[in-house]
1. How big is D, in µm² s⁻¹, for the stretch 102-180 by Stokes-Einstein at 25 °C and 0.890 mPa s if Rh is the Kirkwood radius over C-alpha pairs?
2. Given just the C-alpha atoms of the stretch 11-66, how large is their convex hull per residue in cubic angstrom?
3. When the Debye formula is applied to the Cα atoms of the stretch 10-240, each taken as the same point scatterer, what base-10 log of I(q)/I(0) results at q = 0.09, 0.11, 0.15, 0.18 Å⁻¹?
4. For the stretch 156-241, which semi-axes, largest first and in whole Å, follow from the square roots of 5 times the eigenvalues of its Cα gyration tensor?
5. So how far, in whole Å, is the C-alpha centre of the stretch 3-29 from the one of the stretch 120-171?
6. Given the peptides 128-137, 150-159, 110-119, 224-233, arrange them by the average over their residues of other C-beta atoms within 10 Å, most packed first.
7. Classify the stretch 44-93: rounded, prolate or oblate, from the alpha-carbon gyration tensor (a ≥ b ≥ c, eigenvalue square roots; a/c under 1.5 rounded; otherwise prolate if a/b is larger than b/c)?
8. Please list 33-46, 169-182 highest first by mean number of surrounding beta-carbon atoms within 10 Å per residue.
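The numbers here are math on the coordinates, done by the rules we state, and not lab data. The structure presented is a predicted model; accordingly, all values stated were derived computationally and were not measured. So basically every Cβ, Gly included, is an ideal-geometry build from the backbone, and we count neighbours across all protein chains shown.
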């Protein structure tokens, strides 16, 4: 980092639903929620503008849920979108308890608890140092929250998309089952797409490539890592043109 100025001034953080519960758990647990909020608060304290897209996999996953209950996949996807609203509201409370001003914007209209997504309003919130939490994905079925994160990062002219995971970066094999797996430090968008590496879904990576939004995959649960990434330390896996 040069001087005291962070490398990135406006970031989009993507957190999967699993970030809100204990490993293998369900729903929202206090300790993971507080841990995530603390990491975000550290970054916001640098003066960085923070937008967040949350997933809902700690409640349901659309495809699996549709198969298990024998219901239309589109219906299951809409149910998953509602689950992301629960996560967004919980994260909002956790962040505001730390003194941050936040707004939840939803792609589905739920006016009693959150704003509808409006791009210009979202940008204005960021300029006023408000943390924005985006819920309900894009509002469309058959579209992942990864794709929503790429879309919002492009729309808001973010400097980077931060993909939060529970591992240190992108590996050539699953590090949980392959102890000798090698982590990539740098990848091009083309390499990720051609090798089908599990960074984000292909549509999300393609959108980031088209709009020149780099992706950094990092371990949100290693304390202080998000702040260090934003400050410019070469941690995690960086995906770029």
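1. In µm²/s, the coefficient rounds to 169.
2. On the way: hull volume 3.7 nm³, N = 56.
In the stretch 11-66, the Cα convex hull volume per residue is 65 Å³.
3. The Cα Debye sum returns log10 ratios of -0.34, -0.51, -1.00, -1.48.
4. Result for the stretch 156-241: semi-axes of 19, 18, 10 Å.
5. Using only Cα atoms, the two centres lie 11 Å from each other.
6. 128-137, 150-159, 224-233, 110-119
7. Note, shape of the stretch 44-93 comes out prolate.
8. Details: 33-46: 19.2, 169-182: 12.7.
Packing proxy ranking, top to bottom: 33-46, 169-182.
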